[in-house]
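The values are calculated or read from the model by the stated rules, or taken from the named source; none is laboratory data. Worth saying up front: this structure is predicted, and the values here are computed from it rather than measured. Here the Cβ positions follow ideal geometry from the backbone for every residue, glycine too, while neighbour counts run over all protein chains shown.
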Amino acid sequence: MTAADRAAQGAGRTAPASLADRFRIGIAALLLVAYLVEILVVTLTPSPVDRPYRASLARFIAELHERGVPEWVGYAQIEFAGNVLLFLPAGFLAALMLRRRDWWLVAVLAPAFSALLECNQALFLRDRVPSAMDVVANGLGAALGAAISLLVRLIVHRRDRLLAADLRRGSRTLQ
């Protein structure tokens, strides 16, 4: 960080984004847009995406029960887990676009986005079943993704600081 960057931060302004930051944000934005298109397709198709697979899902759940999975685990629990997993990558990518200290915004904005999707289902898609539990699961998935993103960024930041220290000491070179 240059002296000008430190002065800008001291004055309450944000230092200009580094090339590495711009690269991270650009790649994350590109992947997030592609992934959000996928989410929109899955959530706003006129009929439920699992409709053609209902019989297979019922057989799969029965097989799980035969193999020792508790009987209370059923379609609703698997759907909840699927919704968590559906929004986890979106939360991860969205948090990559933010400053590290702002990762929590994903946990606030994702449920709002999910609620908007559910409202669209209620208003315009008569074969879809909007659910508050979907909003909870989607928000949870995005928040978990954002937390994982924060953890990865902290680990990479620590690694980069150790590498910089090695380079300053001369115990390592970049080749």
Inter-residue pairs, beta-carbon under 6 Å, first farther than 21 Å from P111 by Cα and in segment 30-53, second of a type in the set (A, V, I, L, M) and surrounded by fewer than 11 Cβ atoms within 10 Å (Cβ to Cβ), 6+ apart: none
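Let's see how each residue does on (1) modelled with pLDDT of 95 or more; (2) buried (at least 17 other Cβ atoms within 10 Å of the Cβ); (3) more than 21 Å from V49 (Cα to Cα):
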site	(1), (2), (3)
L85	yes, no, no
L88	yes, yes, no
L116	yes, no, no
D127	no, no, no
D134	yes, yes, no
L167	no, no, yes
S171	no, no, yes
Filter segment 35-61 down to residues that are of a type in the set (A, V, I, L, M) and loosely packed, with under 11 Cβ neighbours inside 10 Å, then give me how many there are. 3
Among residues of segment 117-175, those that are touching a helix residue (DSSP H, G or I) at 6+ places or on another chain (Cβ under 9 Å) and hydrophobic (A, V, I, L, M, F, W, C), counted: 20
Give me the residue from segment 38-84 that is of a type in the set (D, E) and within 24 Å of N120 (Cβ to Cβ) and, out of that set, farthest from the chain's Cα centre (by Cα). D50
Give me a count of the residues in segment 20-37 that are in contact with a helix residue (DSSP H, G or I) (Cβ under 9 Å, 6 or more places away or on another chain) and of a type in the set (D, E, K, R). 1
Just to be sure before I move on: is A142 in a helix (DSSP H, G or I) and either surrounded by 11 or more Cβ atoms within 10 Å (Cβ to Cβ) or on the phi > 0 side of the Ramachandran plot (or both) in the structure I sent? yes
Can A107 be described as of a type outside the set (V, I, T) and either surrounded by fewer than 18 Cβ atoms within 10 Å (Cβ to Cβ) or at pLDDT below 95 (or both)? yes
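A quick yes/no check of all residues on (1) assigned to a loop (DSSP other than H, G, I, E, B); (2) under 30 Å from I155 (Cα atoms):
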| position | (1), (2) |
| --- | --- |
| I61 | no, no |
| H65 | no, no |
| P70 | yes, no |
| V73 | yes, no |
| A76 | no, no |
| E79 | no, no |
| L85 | no, yes |
| A90 | no, yes |
| A94 | no, yes |
